[in-house]
Amino acid sequence: MKENIITTAKELFVKYGFKRVTMDDIAREMAISKKTIYQFFKDKNEIVCSATEEYLRHECCQIQSLEGEAENVVELLVNTNKKLRQHVATVDPGALQDLKRYFPDAWKIYLHYKQEVFLKSIVNILKKGVDEGYFRKEIDPEILGIMRMEQIQLPFDEEAFPRDRFDFTEVQMQLLSNFINGILTEEGKELYKNYSKSTDTNEIIN
């Protein structure tokens, strides 16, 4: 039951945001009483922390799966691009800001994964791409890794990209395209185009 509550809460939080979803919403979605939820969690903050941990752990598993399936970093980029496009279409754009503003304990969990898991993964991929000759040798993997992490987070900031002016998914994909164009060598670009055609990924590569 506890795992089911976490899974249901996670799905609702991702779709509607952390602040908007209530304990009543979770109970209603599961067709159980709110009292049952309180048998496993003392408050909403604890559920948010558990759901955040579960969501980020799942993201780690997906990244590891993509890395294991790809023949090289360029194929990994294409597959990640496709996955990101599918992913951002299902996420509430305000979810990350909710976490930062209202749930500091869960925000700490996010920051831990951001620094210790996702950033290290990006840096390692960038280093590998340089070694394989598909990424420009003059790039600094650590600097570019930090930049990419901030790029992913930036579209969630409504002050930077107001929802009434910008489409969340489009902003994410534009930032990704710009990043990819900046790191690929000519050989990398050609390979990227070939992979993109075979996977029906619409990507602008100069």
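The values are calculated or read from the model by the stated rules, or taken from the named source; none is laboratory data. Small disclaimer: the values here were computed from a predicted structure and weren't measured. Positions of Cβ are generated from backbone atoms using ideal geometry, with glycine treated the same way; all protein chains shown enter the neighbour counts.
Yes/no matrix, rows are residues, columns are (1) over 19 Å from G94 (Cβ atoms); (2) basic (K, R); (3) modelled with pLDDT of 95 or more:
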{"site": "T8", "(1), (2), (3)": "yes, no, yes"}
{"site": "T22", "(1), (2), (3)": "no, no, yes"}
{"site": "R28", "(1), (2), (3)": "yes, yes, yes"}
{"site": "T36", "(1), (2), (3)": "yes, no, yes"}
{"site": "K44", "(1), (2), (3)": "no, yes, yes"}
{"site": "A51", "(1), (2), (3)": "no, no, yes"}
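Kindly establish whether F18 is under 24 Å from K100 (Cβ atoms), touching a residue at least 60 places away in the same chain (Cβ under 8 Å), under 22 Å from the mean Cα position of the chain (by Cα) and in a helix (DSSP H, G or I).
In short, no.
Which condition breaks for E150 when tested against (1) surrounded by 18 or more Cβ atoms within 10 Å (Cβ to Cβ); (2) in a helix (DSSP H, G or I); (3) of a type in the set (D, E)?
Of the numbered conditions (1) surrounded by 18 or more Cβ atoms within 10 Å (Cβ to Cβ); (2) in a helix (DSSP H, G or I); (3) of a type in the set (D, E), the odd one out for E150 is (1).
Pull out all pairs, ordered by first then second residue, where Cβ-Cβ is under 7 Å, the residues are six or more apart or on different chains, the first lies in region 58-69 and is touching a residue at least 24 places away in the same chain (Cβ under 8 Å), and the second is surrounded by 12 or more Cβ atoms within 10 Å (Cβ to Cβ) and β-branched (V, I, T).
Filtered contacts from region 58-69: C60/V117.
Against the condition touching a helix residue (DSSP H, G or I) at 6+ places or on another chain (Cβ under 9 Å), closer than 23 Å to D98 by Cβ and surrounded by 13 or more Cβ atoms within 10 Å (Cβ to Cβ), how does L191 come out, does it pass?
no
I'd like to know if region 82-96 contains one or more residues that are touching a strand residue (DSSP E or B) at 6+ places or on another chain (Cβ under 9 Å) and surrounded by fewer than 20 Cβ atoms within 10 Å (Cβ to Cβ).
Among the residues of region 82-96, not one is touching a strand residue (DSSP E or B) at 6+ places or on another chain (Cβ under 9 Å) and surrounded by fewer than 20 Cβ atoms within 10 Å (Cβ to Cβ), which makes the answer no.
May I ask you to list pairs of residues, at least six apart or on different chains, whose Cβ atoms are under 8 Å apart, with the first in region 34-50 being over 16 Å from L96 (Cα atoms) and outside any helix (DSSP H, G or I) and the second being at pLDDT 95 or above and among the polar types (S, T, N, Q)?
F41/S50
Any residue at all in region 59-67 that is touching a Lys or Arg at 6+ places or on another chain (Cβ under 7 Å) and among the hydroxyl-bearing types (S, T, Y)?
No - not one qualifying residue is present in region 59-67.
For region 118-136, which residues satisfy the criterion of being farther than 24 Å from R57 by Cα and either of a type in the set (V, I, T) or touching a residue at least 40 places away in the same chain (Cβ under 8 Å) (or both)?
Within region 118-136, G129, V130, E132, G133, Y134, F135, R136 qualify.
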